[in-house]
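Here is the structure we will look at.
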Amino acid sequence: MRYILLLAFLPVFAFAQRELTETHTAVFFQNRISKTEQVVALEKLGVSDDKLTQFGSRNVVFIPKAIVDVNTLKSVEEIEYVSPVFTNSKSEFVTYSSSFFVKLKSENDFDLVEREAKKMGVQVIGANRFNADIIELQTSKFGIETIDAVNHLRSTHLFEIVSPNLMHTVSDCTVDDPRYSKQWNLKNEGTGIQGNGTIGADINVEPAW
């Protein structure tokens, strides 16, 4: 099993805009299912451990596209959701979960969310704790696809923003801050411009980017 250690929930524009190809299927297990149980459940479907790519701290497993029929995966009780995974030329992955978000145009528009959610058969999870204008919704593995739900809500023009909950990896990043070389607390190289400090005495932020 291979592990992808960086998991990000970010807007679409944050992912490198390179050509994307559908290469895998993302299998979302229920939170109570351990990694060992995930492997066992997939082995029963004929998916060997060496075919799996798993996020180190999440119950999400990638398997090669079409190795198992999507409906077969959905029939497994422990599996919560299934979605396609797209890969670019730098082997960066992007997929989406069963949840998605809308940003209200007005604080009085919550009833519009409930109305549209009922039409699609999706669940309204509630408002974001930091911004009450952002509402989280969630579909199910047998319900409408996340992307279809997002596209429907966008087509209504009732909301300011509608976005899937993207999950992706980033293999590289470019720092464009002209003063970055002076910020020893981010990356200490012990240079004169940084006051001849101790190499490596920093917060090691680049791997997180």
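The values are calculated or read from the model by the stated rules, or taken from the named source; none is laboratory data. Since the model is a prediction, treat every value here as computed from it, not as a measurement. Quick reminder, even Gly has a Cβ in these numbers, built from the backbone with ideal geometry, and neighbours come from all protein chains shown.
Do the conditions hold for Ala14, that is, is it within 17 Å of the chain's Cα centre (by Cα), under 30 Å from Val162 (Cα atoms) and either buried (at least 16 other Cβ atoms within 10 Å of the Cβ) or at pLDDT 95 or above (or both)?
In short, no.
In a loop (DSSP other than H, G, I, E, B), farther than 19 Å from Leu166 by Cα and not polar (S, T, N, Q), is that true of Glu77?
yes
Where residues in region 60-96 are of a type in the set (S, T, N, Q) and surrounded by 15 or more Cβ atoms within 10 Å (Cβ to Cβ), which of them is modelled with the lowest pLDDT?
Among those that are of a type in the set (S, T, N, Q) and surrounded by 15 or more Cβ atoms within 10 Å (Cβ to Cβ), it is Asn88.
Quick one: how many residues across region 127-148 are exposed (fewer than 15 other Cβ atoms within 10 Å of the Cβ) and under 19 Å from the mean Cα position of the chain (by Cα)?
4
For region 181-204, indicate whether the set of residues that are at pLDDT 70 or above, of a type in the set (Asp, Glu) and in a loop (DSSP other than H, G, I, E, B) is non-empty.
Within region 181-204, none of the residues are at pLDDT 70 or above, of a type in the set (Asp, Glu) and in a loop (DSSP other than H, G, I, E, B).
Which condition from (1) farther than 21 Å from Ile144 by Cα; (2) modelled with pLDDT of 95 or more is the one that Asn31 breaks?
That leaves (2) as the condition not met.
Counting only residues that are surrounded by 13 or more Cβ atoms within 10 Å (Cβ to Cβ) and not charged (D, E, K, R), which one in region 108-124 is farthest from Ile144 (Cα to Cα)?
The residue in question is Phe110.
Out of curiosity, is Ala117 at pLDDT 95 or above, in contact with a helix residue (DSSP H, G or I) (Cβ under 6 Å, 6 or more places away or on another chain) and not assigned by TED's automatic domain parsing to the domain that holds Glu43?
No.
Go through the residues of region 44-54 one by one and say whether even a single one is assigned to a helix (DSSP H, G or I), in the same structural domain as Ser34 (by TED's automatic domain parsing), aliphatic (A, V, I, L, M) and crowded, with 18+ Cβ neighbours inside 10 Å.
No, that holds for no residue.
Being modelled with pLDDT of 90 or more, outside any helix (DSSP H, G or I), on the phi < 0 side of the Ramachandran plot and not hydroxyl-bearing (Ser, Thr, Tyr): is that true of Lys105 here? Lay out the reasoning, then the answer.
Details: modelled with pLDDT of 90 or more: yes; outside any helix (DSSP H, G or I): yes; on the phi < 0 side of the Ramachandran plot: yes; not hydroxyl-bearing (Ser, Thr, Tyr): yes.
So Lys105 passes the test.
Evaluate region 82-90: report whether one residue or more is among the small types (Gly, Ala, Ser), in contact with a helix residue (DSSP H, G or I) (Cβ under 8 Å, 6 or more places away or on another chain) and within 24 Å of Asp69 (Cβ to Cβ). Give the derivation first.
Filtering region 82-90 for residues among the small types (Gly, Ala, Ser) gives 83, 89.
Filter once more, so that each one left must be in contact with a helix residue (DSSP H, G or I) (Cβ under 8 Å, 6 or more places away or on another chain): 83.
Among the residues that remain, those that are also within 24 Å of Asp69 (Cβ to Cβ) are: 83.
So far as region 82-90 goes, yes, one or more of its residues are among the small types (Gly, Ala, Ser), in contact with a helix residue (DSSP H, G or I) (Cβ under 8 Å, 6 or more places away or on another chain) and within 24 Å of Asp69 (Cβ to Cβ).
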